[in-house]
1. Within region 77-87, does at least one residue satisfy the condition of being open to solvent by 90 Å² or more (accessible area, probe 1.4 Å) and modelled with pLDDT of 95 or more?
2. Please go through region 37-87 and give me each residue that is part of a helix (DSSP H, G or I), of a type outside the set (A, V, I, L, M) and within 30 Å of LEU11 (Cβ to Cβ), ordered by number.
3. Considering only region 14-38, how many residues are at pLDDT below 65 and not hydrophobic (A, V, I, L, M, F, W, C)?
Amino acid sequence: MSELQREVSELERKSATAARLFDIRRIIGGLFTLYGVIVTVAGLFASDTDLKKAEGVNINLWTGLGMLALGLFFLVWLTLRPTAPPTPVE
C-alpha cells in the first residue's frame, strides 16, 4: 500500500509542477513582453516616412511600450500570486 501512496504523491507533485509551468499568465506575459520589446525597438528606429504615414505619431513606440507594460504586469502578477497546488483528494 505504501508503494501506491508514494506513486500517487509523485504524480500529484508532477501535476502541480505542470500546472504552474503552463499557467496562462506566464504564456501571455512572456509573449507580450517579447513582442513589446520587438515593437518598441522598431519604434525607436522609425524612419521619417513611417512617422509621416502615421501622421507624426510614433505608433510602434507607443504600442510597443503598452505591450511591454501589459506583459510585465502579467509576469509580476504571476510572481506575486503563484498558482496554488491542487489539494489532494482523500
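The values are calculated or read from the model by the stated rules, or taken from the named source; none is laboratory data. On a predicted model such as this, the values are computed, not experimentally measured, just so you know. We place every Cβ from the backbone using ideal geometry, glycine too, and count neighbours over all the protein chains shown. We work out accessible area using only protein heavy atoms, side chains counted, and drop any ligands, DNA or RNA first. Shrake-Rupley method; radii C 1.70, N 1.55, O 1.52, S 1.80 Å.
1. No: zero hits.
2. Scanning region 37-87 gives PHE74, TRP77, THR79.
3. The qualifying residues number 2.
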